[in-house]
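**Student:** Pasting in a structure now, in structure tokens, and then I'll have a few things to ask.
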Amino acid sequence: MEVAALQQLNQAVQTVMQQARSQVLVKMGTAMTVMEKTSRKDLVTNVDRSNEHFLVQALRQLDPGAQILGEEGAGDQVTTLAGHVWIVDPIDGTMNFVHQRNHFAIMAGLYIDGQPTLGYIYDVMAAKLYAGGPAIGVTLNGTTLTAPLDLALSAGLFGASAPLLIHNRYQMQTIAATSLGPRIIGSAGIQISQVLAGELVGYLSYLRPWDFAAGRVLAETLGLSVTQVDGTPVNMLSSGAVLIATKSAQRAILAIVK
Ligand code: IPD
Ligand code: CA
Ligand code: CA
């Protein structure tokens with residue numbers, strides 16, 4: 001896509017994200033339905049579902065012919081990254097949404113023939129919208145975001161995942177101890193946005209495509225590294241342990257994991 005067309009699409013998608021945020025805020029003021037998906041720690045609400053429905057409809061209008069992969073199933077059965085593919089997480093951090101009413105995000109990422117193209121992470125309660133992609137740069141609420149410093153693991157805070165830290169998967173306790181300290185929020189989108197902002201030197205978690213599709217676009221645009229925990233490339237149609245980090249922190253983390 002030409003840069004001008006991408007810029008136009010970017011503006012339109014930011015408007016959709018703002019509409020999605022407004023609708024979620026309104027629905028938070030009404031009685032919500034909370035359901036367990038696979039366990040008591042895996043929740044979905046009527047707001048997750050209605051917001052995904054809204055995002056799928058809106059993105060179909062803006063980008064007809066695109067495939068849409070949504071966490072809650074309102075989109076398409078996507079088996080190939082050929083053409084335009086949107087990957088959507090209507091509420092990232094549903095546990096926080098239900099129990100904290102804070103620290104959750106709305107996310108969408110566009111891949112064209114597998115190439116990271118546009119990404120959106122909206123931290124709803126903080127009203128922070130991270131948006132952009134490699135051709136147009138990254139903005140935070142419309143202001144250009146500069147690349148974070150290439151800090152070492154030992155020089156910054158590390159974004160942990162609670163299950164991986166508790167069970168010491170991938171030597172996460174050593175990674176955390178090597179850093180200035182672990183931080184856990186419980187929303188992949190918000191933790192990745194903290195890496196974008198230079199507040200964390202890295203984030204490691206077991207993630208599904210919608211948890212990191214948007215974050216990968218934004219992180220790579222800002223010169224951060226996004227790989228699987230063994231250093232191999234990520235695949236946007238499968239799940240795994242994903243590391244988003246400064247290049248220096250990534251080297252140190254890969255050495256610890258090995
Ligand atoms: C979850 C959150 C959480 C991460 C989980 C995700 P959801 O997303 O991002 O931080 O640790 O792996 O599934 O289910 O609330 O959209
Ligand atoms: Ca979700
Ligand atoms: Ca998620």
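**Student:** About the Cα centre of the stretch 1-124, how large is the charge dipole given +1 on each Lys and Arg Cβ and -1 on each Asp and Glu Cβ? Please answer in debye to the nearest 20.
**Tutor:** 440
**Student:** Moving on. Which of Thr246, Ala176, Ile192 sits closest to the plus end of the dipole of the stretch 160-258, meaning its Cα is farthest towards the positive end, when Lys and Arg get +1 and Asp and Glu get -1 on the C-beta?
**Tutor:** Farthest towards the positive pole: Ala176.
**Student:** Moving to a separate point now. Considering the convex hull of the alpha carbon atoms of the stretch 71-112, report its projected area averaged over all viewing directions, in nm², one decimal.
**Tutor:** Approximately 3.2 nm², given one-decimal rounding.
**Student:** Continuing with the same structure: Using every Cα-Cα pair within the stretch 105-158, state what percent have a distance larger than 13 Å.
**Tutor:** 66
**Student:** Now for a different question. How big is D, in µm² s⁻¹, for the stretch 103-222 by Stokes-Einstein at 10 °C and 1.306 mPa s if Rh is the Kirkwood radius over C-alpha pairs?
**Tutor:** 110
**Student:** Then there is this: Once every DSSP H run of n ≥ 4 in the chain is given -39500 (n - 2.57) and the sum is divided by its residues, what mean residue ellipticity at 222 nm do you get, rounded to the nearest 500 deg cm²/dmol?
**Tutor:** -11000 deg cm²/dmol, from helical runs alone.
**Student:** Limiting things to C-alpha atoms, what are the Rg and the maximum Cα-Cα separation (Dmax) for the stretch 31-148, in angstroms?
**Tutor:** In order Rg, Dmax, the Cα atoms of the stretch 31-148 give 15.1, 42 Å.
**Student:** Quick one: among Ile166, Ile184, Ile106, which has the greatest mean-square fluctuation in a GNM of the chain with alpha-carbon springs under 10 angstrom?
**Tutor:** Of Ile166, Ile184, Ile106, the most mobile in the Gaussian network model is Ile166.
**Student:** If packing is taken as the average count of other Cβ atoms within 10 Å, what order do 133-140, 211-218 fall into, highest mean first?
**Tutor:** For the peptides 133-140, 211-218, the packing ranking is 211-218, 133-140.
**Student:** To two decimal places, what compactness ratio does the stretch 177-258 give when its Cα radius of gyration is scaled by 2.2 N^0.38 Å?
**Tutor:** Ratio of Cα Rg to 2.2 N^0.38 Å: 0.97.
**Student:** If you take the beta carbon distance between Asn168 and Arg251 as r and set R0 to 22 Å, what does 1/(1 + (r/R0)^6) give as a FRET efficiency, to the nearest 0.05?
**Tutor:** Efficiency computed from Cβ-Cβ geometry: 0.60.
**Student:** Could I get the Rg over Rh figure for the chain? Both from C-alpha atoms, Rh via Kirkwood, rounded to two places.
**Tutor:** 0.95
**Student:** OK, next. Putting +1 on Lys and Arg Cβ atoms and -1 on Asp and Glu Cβ atoms, find which of Met236, Ala219, Leu153 reaches farthest to the positive end of the dipole of the chain.
**Tutor:** Of the options given, the answer is Leu153.
**Student:** Using a simple charge model, +1 on the beta-carbon of Lys and Arg, -1 on the beta-carbon of Asp and Glu, nothing else, what dipole does the stretch 61-137 show about its Cα centre, in debye to the nearest 20?
**Tutor:** Dipole about the Cα centre, nearest 20: 240 debye.
**Student:** Within the chain, how many lysine pairs that are 8 or more places apart, or on different chains, have C-alpha atoms less than 29 Å apart?
**Tutor:** Counting lysine pairs in the chain gives 7.
**Student:** Output the peptides 119-131, 234-246, 146-158 sorted from most to least packed, where packing is the average of other Cβ atoms within 10 Å over each peptide's residues.
**Tutor:** In decreasing order of mean packing, 119-131, 234-246, 146-158 become 119-131, 234-246, 146-158.
**Student:** How would you rank 90-98, 223-231, highest first, on the average number of other Cβ atoms within 10 Å across their residues?
**Tutor:** 90-98, 223-231
**Student:** Only four residue types carry charge here, +1 at the Cβ of Lys and Arg and -1 at the Cβ of Asp and Glu. Report the dipole size of the stretch 104-258 about the Cα centre in Debye, rounded to the nearest 20.
**Tutor:** Computed about the Cα centre, the dipole is about 240 debye.
**Student:** Could you state, as a whole-number percent, how many of the C-alpha pairs of the stretch 36-82 are farther apart than 14 Å?
**Tutor:** Cα-Cα pairs of the stretch 36-82 separated by over 14 Å account for 56 percent.
Each value in this text was obtained by applying a stated rule to the coordinates, not by laboratory testing. Because the structure is predicted, anything quoted here is derived from the model rather than measured. Here Cβ is always computed from backbone atoms with ideal geometry, including for glycine, and neighbour counts include all displayed protein chains.
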